[in-house]
Structures are given as C-alpha cells and as structure tokens.
Amino acid sequence: MDLTSLQALADKKGLSLSWDVGSDVGVINADLNRITQVLVNLISNAIRYTPENGEIVLRLCVVNPRTTIDDIQLIIDSLA
C-alpha cells in the first residue's frame, strides 16, 4: 500500500487527512523504504481507528535539534 491508496481509504471513510510540517524542519536523512513503511503503518492505523468524518493530521516538527541516534536508542530501550 502507498500513500495515495491511503488517501483513497481516508476519503472513503469521510476522513480529512493532512500534513503539518514545521518551518524549522530541514532535510531528514532516513532509509526511504523504512520511513515509508513507518508512515504507511501509522496512517493506516489512524484511518482504522478514527471515527467516520474525523480528522487525521500528521505533524512533523523539531522537538530537540540535538537528538542523536544514541538518544533515540536509549528511548527505545526504555520502552522495551
């Protein structure tokens, strides 16, 4: 499934699907296939669990510009 298919699913349910990207967000270095997989899973779940005629907003913003891969690993480890 791709992002275009997800928009069609959202439309079918009467959902508003939008993006809100902060002006401070720059280039994101990530594996395209993996980040696509994450977004598809996230949006699919939002569509599945949002009531009809609801709104889904995917927000992207900088929370801490000094976050490193090690910080992210610590967060993941603490959730396990």
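Look at the stretch 17-40 and say how many of its residues are over 16 Å from residue 4 (Cβ atoms) and surrounded by 10 or more Cβ atoms within 10 Å (Cβ to Cβ).
6
Quick test of your reading of the structure: residue 46 fulfils all but one of (1) within 21 Å of residue 1 (Cα to Cα); (2) modelled with pLDDT of 90 or more; (3) not in a helix (DSSP H, G or I). Name the failing condition by number.
Unmet for residue 46, out of (1) within 21 Å of residue 1 (Cα to Cα); (2) modelled with pLDDT of 90 or more; (3) not in a helix (DSSP H, G or I): (3).
Which residues, counting only those in the stretch 1-16, are hydrophobic (A, V, I, L, M, F, W, C) and open to solvent by 50 Å² or more (accessible area, probe 1.4 Å)? Break it down into steps so the answer makes sense when it comes.
Step one: of the stretch 1-16, the residues hydrophobic (A, V, I, L, M, F, W, C) are 1, 3, 6, 8-10, 15.
Residues satisfying the conditions are 1, 3, 8, 9.
Would you point out the residue of the stretch 10-27, among those that are under 13 Å from the mean Cα position of the chain (by Cα) and of a type in the set (A, V, I, L, M), that is modelled with the lowest pLDDT?
Just the residues of the stretch 10-27 that are under 13 Å from the mean Cα position of the chain (by Cα), to begin with: 17-21.
Okay, now just the ones that are also of a type in the set (A, V, I, L, M), so 17, 21.
Working: 17: 90, 21: 85.
Per the criteria, the residue is 21.
The values are calculated or read from the model by the stated rules, or taken from the named source; none is laboratory data. Quick caveat: nothing in here was measured; it's all calculated off a predicted structure. In this analysis, Cβ positions are derived from the backbone assuming ideal geometry, glycine residues included, and neighbour counts consider all displayed protein chains. The accessibility values were calculated without ligands, DNA or RNA, using every heavy atom of the protein model including side chains. Shrake-Rupley method; radii C 1.70, N 1.55, O 1.52, S 1.80 Å.
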